[in-house]
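**Student:** Have a look at the structure that comes next, please.
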Amino acid sequence: MTQSSSTQQVPVVSAVPNHIAIIMDGNGRWATKRFLPRVAGHAKGVETVRNIVEACIDRGIGFLTLFAFSSENWRRPADEVSLLMRLFITALDREVSRMHANGIRLKVVGDLSRFEVKLQEMISQAERKTAENTRLTVTICANYGGRWDVTQGFNKLLALNPEATAFSEDQLAPHLAMAYAPEPDLFIRTGGEQRISNFLLWQLAYTELYFTETFWPDFDSKKLDDAIASYQQRERRFGRTSEQLLENKKAS
Ligand code: IPE
Ligand code: IPE
Ligand code: MG
């Protein structure tokens, strides 16, 4: 099933965001502040992932998308990159059974071809194992970039329609890496930076943005609730006026 785009159709909005997308930032600074190696921050960050996944289940959230490794993160020192890969493998190894038992469907999106074969196999095995689960879809964006996503989607579309000279938004959307999910309702970035860093460029068109100074290892369910509370204060107009929204409310 593919989801319609917020620029083509006004989506249904509920009090609890159905899809939360998070840039998990600040692991390195969390560690440095404690005179620990950066990787200690990443390890602590994995614990936060576990807690936030559980918090999302408790709150009835349908989709949680986590930016774990960007297409630009290869620019980091080689030892940090390889430690991040080890951590990813260990986390998959340890967490998949628990996720499956909790009714979680796991997806990993990004250009996975650059990962070692063992990791690629673990990913596809985990996805296959959890494919039928419906309680919460957790997407890990790994070697992901928003521009990569739009480009790969476009290339797929072109391969299927080599004769076409132009495409519409609706035609491209089903070929994006996260076509199985609705667009995010709420975006959270921890760690204090106020930028998108090539995350879900297409899908964030009408997402509510929330930035917090809290480093990812310190983020918890209470802080998630703060973000949701901020989201609940927003008026999501999707191009319409406040008056129109009020009229719609009265009519329903
Ligand atoms: C985010 O934390 C995790 C990854 C990018 C893998 P950082 O490692 O970017 O932490 P800071 O921003 O340096 O504190
Ligand atoms: C964004 O964080 C990517 C992830 C959290 C995986 P970065 O720390 O890499 O972003 P920049 O470089 O500060 O923009
Ligand atoms: Mg960072």
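The values are calculated or read from the model by the stated rules, or taken from the named source; none is laboratory data. Everything quoted here is computed from the prediction, not taken from an experiment. Note that we place each Cβ from the backbone using ideal geometry, even for glycine, and neighbour counts take in every protein chain shown.
**Student:** Taking strands (runs of 3 or more DSSP E) that do not extend beyond the stretch 1-111, which have at least 2 residues that are more than 11 Å from ligand 1 (Cβ to nearest atom), touching a Leu at 6+ places or on another chain (Cβ under 6 Å) and farther than 19 Å from Y210 by Cβ?
**Tutor:** Once the strands (runs of 3 or more DSSP E) in the stretch 1-111 are filtered for at least 2 residues that are more than 11 Å from ligand 1 (Cβ to nearest atom), touching a Leu at 6+ places or on another chain (Cβ under 6 Å) and farther than 19 Å from Y210 by Cβ, nothing remains.
**Student:** Something else: Which of the residues belonging to the stretch 1-37 are within 16 Å of ligand 3 (Cβ to nearest atom), within 23 Å of C141 (Cα to Cα) and surrounded by fewer than 19 Cβ atoms within 10 Å (Cβ to Cβ)?
**Tutor:** If the condition is that a residue be within 16 Å of ligand 3 (Cβ to nearest atom), within 23 Å of C141 (Cα to Cα) and surrounded by fewer than 19 Cβ atoms within 10 Å (Cβ to Cβ), then R29 is the only one that fits.
**Student:** What are the residues in the stretch 60-75 that are more than 6 Å from ligand 2 (Cβ to nearest atom) and closer than 19 Å to E183 by Cα, if any?
**Tutor:** G60, I61, G62, F63, L64, T65, L66
**Student:** Looking only at the stretch 44-55, decide whether some residue is modelled with pLDDT of 95 or more and under 30 Å from N248 (Cα atoms). Give the steps one after another, and end with the answer.
**Tutor:** Initial filter on the stretch 44-55 (modelled with pLDDT of 95 or more): 44-55.
Subsequent filtering for residues that are under 30 Å from N248 (Cα atoms) retains none.
No: the stretch 44-55 contains no residue that is modelled with pLDDT of 95 or more and under 30 Å from N248 (Cα atoms).
**Student:** Is there a residue in the stretch 65-87 that is within 30 Å of A15 (Cα to Cα), surrounded by 13 or more Cβ atoms within 10 Å (Cβ to Cβ) and of a type in the set (K, R)?
**Tutor:** Looking through the stretch 65-87, none of the residues is within 30 Å of A15 (Cα to Cα), surrounded by 13 or more Cβ atoms within 10 Å (Cβ to Cβ) and of a type in the set (K, R).
**Student:** Using beta carbons and a limit of 7 Å, which pairs, at least six apart or on different chains, have the first residue in the stretch 19-40 and free of Cβ contacts under 8 Å to residues at least 12 places away in the same chain and the second one basic (K, R) and within 13 Å of ligand 3 (Cβ to nearest atom)?
**Tutor:** Sorted first by the residue in the stretch 19-40, then by its partner, the pairs are T32/R38.
**Student:** Another question, if that's okay. Consider S252 carefully, then state whether it is more than 16 Å from ligand 3 (Cβ to nearest atom) and of a type outside the set (A, V, I, L, M). Explain how you work it out, then say what you get.
**Tutor:** Numbers: more than 16 Å from ligand 3 (Cβ to nearest atom): yes; of a type outside the set (A, V, I, L, M): yes.
So S252 passes the test.
**Student:** In the stretch 143-166, is there at least one residue being under 14 Å from the mean Cα position of the chain (by Cα), closer than 30 Å to T130 by Cα, in a loop (DSSP other than H, G, I, E, B) and of a type outside the set (V, I, T)?
**Tutor:** Yes, that holds for at least one residue.
**Student:** Among the residues of the stretch 120-152, how many are free of Cβ contacts under 8 Å to residues at least 40 places away in the same chain and farther than 11 Å from L106 by Cα? Steps first, please.
**Tutor:** Taking the stretch 120-152 as the starting set, the residues that turn out to be free of Cβ contacts under 8 Å to residues at least 40 places away in the same chain are 120-134, 151.
Checking which are farther than 11 Å from L106 by Cα leaves us with 120-122, 151.
Looking only at that region, the number is 4.
**Student:** Taking the stretch 55-95 as the region of interest, how many residues are within 16 Å of ligand 3 (Cβ to nearest atom), β-branched (V, I, T) and either farther than 23 Å from G146 by Cα or within 15 Å of the chain's Cα centre (by Cα) (or both)?
**Tutor:** 0
**Student:** Out of L186, L160, report the one residue that is closer than 30 Å to V10 by Cβ and surrounded by 20 or more Cβ atoms within 10 Å (Cβ to Cβ).
**Tutor:** Criteria check complete, one pass: L186.
**Student:** How about the stretch 188-229: which of its residues are in contact (Cβ under 8 Å) with a residue 40 or more places away in the chain and among the aromatic types (F, W, Y)?
**Tutor:** F199, W202, Y206, F215, W216, F219
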